[in-house]
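Have a look at the structure below before the remarks.
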Amino acid sequence: MRGRQERIPVVVQARGRPRRGRGPVGRALFTCAEGLVTCGVLLVLLVVHQLWWTNEQARTEAVQSVRALEREWDASPPVVSPSETEGMTDGALSGGAPSGGPASGGGPGEGGGGRSGSASGGTPGASSAYAVLRIPRLGLTVPVAAGVGKRQVLDRGYVGHYPGTAQPGRTGNFALAGHRNTHGEPFRYINRLQEGDRITVRTRGGTFTYRVDRVLPQTSARDTGVIEPVPRSLVHPSYGYDRPGAYLTLTTCTPEFTSRYRLVVWAKLVAG
């Protein structure tokens, strides 16, 4: 009879390269990679905030402002007395343009939230919406506020009225500025406007209709001539007018996503 053979367990040990901790260079590279990924994520979030969230916020506020204004006007039609009419002044540039020339989205013109009389004889407060601008070709409806300050007016998705320029429907130059990119970007596509396109401005006192007459594709950010009572570019003198009239001027930045130059659209009053 055979004796039992004891089974002796065999331990197999895997052999491999010994693990080593990261050296100083490896740790530095890992830290740099983490930093780059974090910066990339933050950059993406910033772009989303600027290009999407600011637009959503500003457009929502602008729509609410237009609705509130028009509900108020529809509920209480204007009554303009002779004394109020006498108080209205035509659009001399007596208040001066904001320092830095024509303001618009992303450009100079911070501040400028001065007061100027409304078309119905009232005096809107600084940064208060008091008119509604409509451009059918662009499907645009946007409130107009007094002043061209970025924080107080333009960044809220409003179009700003240059202090000291004429009021809607009056002799002179009713000059406006608006963002082309971010914060509602109401003037993003005004480069698409063509001669003959209709623009309306509604105030408590009535609705005024303008027709696009001329477009200045690019001029200096300090070309204040474009918002004078008789608008004419100081940089490109062949663009502009040589006699008084009732003008509407739209200004914004160009090219897109920069504030280096200004795009200008002029229109003439045809009804109102």
Quick check: pseudo-label points 7 Å beyond the Cα along Cα→Cβ at Arg192 and Gln218, how many nm apart are they?
2.2
The set of residues whose placed amide H lies less than 5 Å from the amide H of Tyr239, leaving out same-chain residues fewer than 5 positions away, is Ser233
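Using a Förster distance of 30 angstrom, determine the FRET efficiency expected from the C-beta separation of Arg137 and Ala33, and round it to 0.05.
0.05
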Would you mind calculating the gained length between Glu70 and Lys268 on full extension (0.36 nm times residue separation, minus the Cα-Cα distance), in nm to one decimal?
68.9 nm
Spacing of the two label points (7 Å from each Cα toward its C-beta) at Arg151 and Val235, in nm
2.8
Length gained, Glu256-Gln57, 0.36 nm per residue minus C-alpha separation, equals 69.6 nm
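Sort Ser259, Ser238 by Cβ crowding within 10 Å, fewest neighbours at the top.
So the residues, fewest neighbours to most, are Ser238, Ser259.
Every number in this text was worked out from the coordinates using simple rules, so none of it is lab data. Keep in mind the model is a prediction, meaning the values are calculated, not measured. Backbone-built Cβ (ideal geometry, glycine too); neighbour counts: all protein chains shown.
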